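The values are calculated or read from the model by the stated rules, or taken from the named source; none is laboratory data. Given the structure is predicted, the values throughout are model-derived calculations rather than measurements. Because the Cβ atoms are built from the backbone with ideal geometry, glycine has one as well, and the counts that use them run over all protein chains shown. All accessible areas refer to the heavy atoms of the entire protein, side chains included, with ligands and DNA or RNA removed. Shrake-Rupley method; radii C 1.70, N 1.55, O 1.52, S 1.80 Å.
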Amino acid sequence: MTLAAGQSALHPHSPQAQYITTLWWGMLIVASIVFLGAVALLVLSYVLRGREGVPVFGKREGFNLGMVVTFGIAIPLVVLVSLFVVANFVVLPQTDAPAASTTQMTVQVLGKQWFWEVRYPSNGAVTANEIHIPVRTRVNVIATTADVIHSFWVPELNRKIDMIPGRPNRVLLYADRPGRYRGQCAEYCGTQHAHMSFYVFAEAPARFRAWLAAQARPRRAPASPARRQGERVFLSNQCESCHTMRGTPARGNVGPDLTHVGGRTTLASLTIPNTPRELAAWLTNPQRVKPGNRMPTLPLTAADRQALVAYLESLK
């Protein structure tokens, strides 16, 4: 059964995310007890405002000082130190970057304004905005950035990590069941920060291996006149100067690799679904869909745009 998951840190689907969720609930419970205790003392002081002393304890000397020390210093100190110890010596080691010898594969993720480039160094496969991993497999993600600071975060699988220029960072990805897990850039990176999302697809190992092998192949040669015309349109316009299409002369690195773009579920970092209609709208006016992106408006005729859409959607 495939799980279509959302983006909540309170719905863990890995041991690492479970540690984070447990810590969150623990902090909420402790904070609630402290808050309710403070409210109870406020209510008690209001109800007994006309009486001297405190119930049971009466007017004992030093009682007020003891209350301040207990509730203002001792309890907060114990709570904060306990949470610090649990977070730093229990949760953090479990969610930290994996040791090289403990992972079976590596995935390289490069953040750009505003999409994610995904590379598999084991066979040279390149894709964008959709990371595929085998289920129940420890995956070492090496995250870098090509421009500004980004932050890589899949809430249901592990903690977030910053992507700082010139400093590669790492995080472990592990999914305990097949599913689709949504990720997000968690550091403001420009006008389209909110539209810089990605999916992690956790798949059965055999299905993942088949996908990975297909992604390493060059583009599928066009098999119909319309698709051949679409490839000519792609190579004769600005497309090839911005995008890579393995198996053709196109070697641009400004936008995503489009070698197998037809097999992706979304376009523009999850902004729109990958359908012929949405792709045509994107080619017609990309700034309307995602203002500020680097995709120019192409001067295409209706026939050329239709052929280009047919060609791109065939690239599975």
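Under the rule that an exposed site lies in a DSSP loop and has at most 16 other Cβ atoms within 10 Å, name the longest stretch of the chain with no chymotrypsin sites (Phe, Trp or Tyr not before Pro) of that kind, not counting the sites themselves. That would be 58-187. Measuring r between the beta carbons of ARG136 and ALA99 and using R0 = 22 Å, the FRET efficiency lands at 0.75. The charge dipole of segment 229-314, taken about the Cα centre with unit charges on the Cβ atoms of Lys, Arg (+1) and Asp, Glu (-1), comes to about 160 debye, rounded to the nearest 20. With the contact rule set at Cα under 8 Å and sequence spacing of 6 or more, what percent relative contact order holds for segment 79-124? This gives 24 percent for segment 79-124. Using the 1.4 Å probe convention, the accessible area of the chain works out to 53 Å² per residue with neighbouring protein chains retained. Ordering PRO155, ALA302, PRO222 by the projection of their Cα atoms onto the charge dipole of the chain, which places +1 on the Cβ of Lys and Arg and -1 on the Cβ of Asp and Glu, puts PRO222 at the extreme positive end.
Take the Cα of VAL148, go 7 Å toward its beta carbon, and the backbone nitrogen atoms of segment 182-221 under 16 Å from that spot belong to 185-197. For the chain, the longest principal axis of the alpha carbon atoms and the long axis of helix 302-313 meet at an angle near 60°. Taking Cα atoms only, the orientation of helix 15-47 departs from the longest principal axis of the chain by about 40 degrees.
Once the Cβ-Cβ distance between GLN287 and GLU52 is put in as r, and R0 is 45 Å, what FRET efficiency do you end up with, to the nearest 0.05?
Numbers: r = 72 Å, r/R0 = 1.61.
About 0.05, to the nearest 0.05.
Assign unit charges at the C-beta atoms only (+1 for Lys and Arg, -1 for Asp and Glu), then state the dipole size of the chain relative to its Cα centre in Debye, rounded to the nearest 20. Charge dipole, the chain, about its Cα centre: 680 debye, nearest 20.
Taking the Cα centre of segment 68-191 as origin and charging only Cβ (+1 Lys, Arg; -1 Asp, Glu), how large is the dipole, in debye to the nearest 20?
240
The length gained by stretching the chain between ARG177 and GLN108 to full extension, at 0.36 nm per residue less their Cα-Cα distance, is 22.6 nm. Using the Cβ-Cβ distance between ALA87 and ARG207 with R0 set to 35 Å, the FRET efficiency works out to roughly 0.45. Between amide H atoms placed 1.01 Å from N, distances below 5 Å from MET163 occur with HIS150, SER151, PHE152, all of them 5 or more places distant or on a separate chain.
When the accessible area of the chain is computed with all protein chains present and a 1.4 Å probe, what percentage of it is carbon and sulfur?
C and S fraction of accessible area: 61 percent.
Counting heavy atoms of the protein chains alone, LEU44 has an accessible area of about 80 Å² for a 1.4 Å probe.
Here each label is just a point 7 Å from Cα along the line to Cβ, and for SER122 and VAL39 those points are 5.2 nm apart. Ranking GLN108, ASN123, THR21 by how far each Cα lies toward the positive end of the dipole of the chain (charges on Cβ) leaves ASN123 at the top.
Relative to the dominant Cα principal axis of the chain, helix 75-86 is inclined by about 30°. The accessible-area ordering, largest first, of the residues VAL90, VAL47, VAL154 stands as VAL47, VAL90, VAL154, per a 1.4 angstrom probe.
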